[in-house]
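The values are calculated or read from the model by the stated rules, or taken from the named source; none is laboratory data. Worth saying up front: this structure is predicted, and the values here are computed from it rather than measured. As a convention, Cβ positions derive from the backbone with ideal geometry for all residues, glycine included, and neighbour counts pool all protein chains shown.
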Amino acid sequence: MSVPFPSLTPPKPFAMLGSTESSAPVFQNLTPAQFAEALRQPDAVLVDVRRPDEFAAGHLPGAVNLDVTAPDFGQRIARLDNTRPTCVYCRSGARSAAAASQLTAAGFARVANLLGGALNWPETLTNG
């Protein structure tokens, strides 16, 4: 059963860049509080789409690192379970929005992007 992301306010869907069709895949931009709530889902996957050096310097606990700028990003996301809620973030939210668009285009039904990225995350990041 597919359960939508929790929403404290109406979601702010964004169609894939350049798309004008209403049936275009969408993802949700979530505030840090909404993103934290989405992460509490037992089957949620947390993906940090920054470079490996950025990830090593500090990341959200439990995140997996899939660099959106890597040439094999599409192949790597294809290995993920597209039925699970997938929460993505980067430093400021721009790269993760691009990644979220790619995920929805790849058939991921429940994708959330952290508005403002790690810079907007209120908790301490994990190193290593």
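Which residue out of T104, T86 is more than 13 Å from L46 (Cβ to Cβ), at pLDDT 95 or above and crowded, with 19+ Cβ neighbours inside 10 Å?
T104
With a cut-off of at least 3 residues that are without any contact (Cβ under 8 Å) to a residue 24 or more places away in the chain, name the helices (runs of 4 or more DSSP H) lying wholly within the range 27-128.
52-57
Which members of the range 59-83 meet the condition of being under 20 Å from P42 (Cβ atoms) and of a type outside the set (A, V, I, L, M)?
P61, G62, D81, N82, T83
Going by what's in this entry, would L60 be described as of a type in the set (A, V, I, L, M), more than 10 Å from the chain's Cα centre (by Cα) and under 14 Å from W121 (Cα atoms)?
Spelling it out, L60 is indeed of a type in the set (A, V, I, L, M), more than 10 Å from the chain's Cα centre (by Cα) and under 14 Å from W121 (Cα atoms).
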